[in-house]
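Heads up, the thing below is written out as structure tokens.
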């Protein structure tokens, strides 16, 4: 039983690390060709890349452990028998998983911004201008709290394993784009009255610290008054002014100017 768990954990960890680097390299390639789409034009977080990658290797182990615990509990029959998965139930179950995870994440994130817990979250906020490498650059306790969803949800909602795996992959993709620092998704659906988000949403959280705690949807922030002032106007402006997407090689010297971020990590609320 222990051997099976170790194999499962190793598989989840290696797959997540592979996705982390594939997304990091791929989105960086796109960012290099579209410097005008940088959200915080006068800040650069790329100088922290190596430190963030090192921290990410440890935090991905913790998030992989959470998912492996949930899957192993199902395999051993400790958790309720998962629902049968059919073609017509896959999308509703995936959306339900998204909604529940977003709820978990919002309130866990708010908890991590309180004075007793902020010390566990402060490491992540060293990235005032986040990059594609920042998504998993999180403290280990922070990761256990925000990603513990997978180890708990199987005892409350019998999601099929494939839904949990698909959601974990989607969350990795969403989180990497959310920290990319470049806006590609500004659209009417990313602002009121729609609940969806774009990269600017989480980028504002890193820049302003006390707003935009959610992960996929804006309804908890809107309902509880923690959405960043001016977010909707900012998205609307980005819709109108975004430069055309460029896939060609960048011009020599484009985007080379560096403005190191010297802002200190703020205190907890």
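Annotations for the structure displayed:
- Checked against (1) within 19 Å of the chain's Cα centre (by Cα); (2) surrounded by fewer than 24 Cβ atoms within 10 Å (Cβ to Cβ), residue 161 passes all but a single condition, namely (1).
- Residues (in a helix (DSSP H, G or I) and at pLDDT below 95) located in the stretch 37-58: 46, 47, 48
- Every condition in (1) crowded, with 22+ Cβ neighbours inside 10 Å; (2) farther than 16 Å from residue 129 by Cα; (3) out of contact with any helix residue (DSSP H, G or I) (no Cβ under 7 Å at 6 or more places or on another chain) holds for residue 214 except the one numbered (3).
- Residue in the stretch 11-26 that is exposed (fewer than 15 other Cβ atoms within 10 Å of the Cβ), without any contact (Cβ under 8 Å) to a residue 12 or more places away in the chain, more than 19 Å from the chain's Cα centre (by Cα) and closer than 18 Å to residue 178 by Cα present: no
- Odd one out for residue 34, checked against (1) surrounded by fewer than 20 Cβ atoms within 10 Å (Cβ to Cβ); (2) touching a strand residue (DSSP E or B) at 6+ places or on another chain (Cβ under 7 Å): (1)
- If you check 122, 190 for being farther than 20 Å from residue 13 by Cβ and touching a strand residue (DSSP E or B) at 6+ places or on another chain (Cβ under 8 Å), only one passes: 190.
- Hey, residue 117 under 22 Å from residue 23 (Cβ atoms) and touching a residue at least 60 places away in the same chain (Cβ under 8 Å) or not: no
- Screening the candidates 144, 186 for the property of being crowded, with 20+ Cβ neighbours inside 10 Å and farther than 18 Å from residue 43 by Cβ yields one hit, 186.
- Subset of the stretch 85-99 (residues that are free of Cβ contacts under 8 Å to residues at least 60 places away in the same chain and under 15 Å from the mean Cα position of the chain (by Cα)): none
- Taking the stretch 53-84 as the range and being without any contact (Cβ under 8 Å) to a residue 40 or more places away in the chain and within 21 Å of the chain's Cα centre (by Cα) as the test, only 54 passes.
- Residue within the stretch 121-141 that is loosely packed, with under 15 Cβ neighbours inside 10 Å, at pLDDT 95 or above and within 30 Å of residue 37 (Cβ to Cβ) present: no
The values are calculated or read from the model by the stated rules, or taken from the named source; none is laboratory data. Being a predicted model, the structure only gives us computed values, none of them experimental. Neighbour counts are summed over all protein chains in view; Cβ atoms, including those assigned to glycine, are modelled from backbone coordinates with ideal geometry.
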